[in-house]
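Let me begin by presenting the structure, written as structure tokens, before commenting on it.
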Amino acid sequence: MQRILQSVFWLAIAATLFFALRKVTVFVPTSDKTQHAVTFAFLTALAAAAYPRARLWAVAFALSGFGALVEFLQPYFHRDRDYRDWIADTIGILIVFAMVLIVRKLLVRGRNSAV
């Protein structure tokens, strides 16, 4: 199952990069910033599931760096660079980061109380 989740994670990273660098018109009834936050929240949750032993802060840092890289590259693909998109990416990452930390603490607490 881990290998499948890891494959899905890297496929999601590739798809995010592909669509971020292409001029694709997609109608989604939310703001651009919400789309960024949700995309990176999903990537964070997927990374936490695919790599449960990885240090979560390192995952969050790497994904935030990926978001910054995407924004840096976009002008080379005739897209606009917007630091606020990177902030939205990071907010989505931090929301899921906090949720995963809470769930992990609850799971550890539950294991310790069952012993």
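Taken together, the values in this text are just the output of simple stated rules run on the coordinates, not laboratory data. Only a predicted model underlies this, so the values are computations on that prediction, with no experimental measurement involved. Heads up, the Cβs are rebuilt from the backbone with ideal geometry, glycines too, and the neighbour counts pull from every protein chain shown.
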Find all pairs meeting these conditions: Cβ atoms under 9 angstrom apart; at least six residues apart or on different chains; first residue within segment 87-106 and free of Cβ contacts under 8 Å to residues at least 24 places away in the same chain and under 16 Å from residue 37 (Cβ atoms); second residue polar (S, T, N, Q) and outside any helix (DSSP H, G or I).
none
Among residues of segment 44-87 being more than 11 Å from the chain's Cα centre (by Cα) and small (Gly, Ala, Ser), the residue nearest to residue 16 (Cα to Cα) is 68
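Filter segment 33-60 down to the residues that are within 14 Å of residue 10 (Cα to Cα) and either assigned to a helix (DSSP H, G or I) or touching a Cys at 6+ places or on another chain (Cβ under 7 Å) (or both) and list them by number.
Of segment 33-60, the ones within 14 Å of residue 10 (Cα to Cα) are 39-40, 42-51, 59.
Residues satisfying the conditions are 39, 40, 42, 43, 44, 45, 46, 47, 48, 49, 50, 59.
Keeping to segment 71-86, report how many residues are part of a loop (DSSP other than H, G, I, E, B) and either of a type in the set (Phe, Trp, Tyr) or surrounded by 11 or more Cβ atoms within 10 Å (Cβ to Cβ) (or both).
Here is the first cut: in segment 71-86, the residues part of a loop (DSSP other than H, G, I, E, B) are 78-82.
Keeping just the survivors that are either of a type in the set (Phe, Trp, Tyr) or surrounded by 11 or more Cβ atoms within 10 Å (Cβ to Cβ) (or both) gives 79, 81-82.
Looking only at that region, the number is 3.
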Please go through segment 84-99 and give me each residue that is under 10 Å from residue 42 (Cα atoms) and small (Gly, Ala, Ser), ordered by number.
92
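Under the condition of being free of Cβ contacts under 8 Å to residues at least 12 places away in the same chain and surrounded by 10 or more Cβ atoms within 10 Å (Cβ to Cβ), which residue from segment 11-29 is farthest from residue 73 (Cα to Cα)? If you could, list the steps in order and put the result at the bottom.
If we filter segment 11-29 for residues that are free of Cβ contacts under 8 Å to residues at least 12 places away in the same chain, which is where we start, we get 11, 14-15, 18-19, 24-29.
Among the residues that remain, those that are also surrounded by 10 or more Cβ atoms within 10 Å (Cβ to Cβ) are: 11, 14-15, 18-19.
Details: 11: 19, 14: 14, 15: 15, 18: 11, 19: 12 Å.
Among them, the one singled out is 11.
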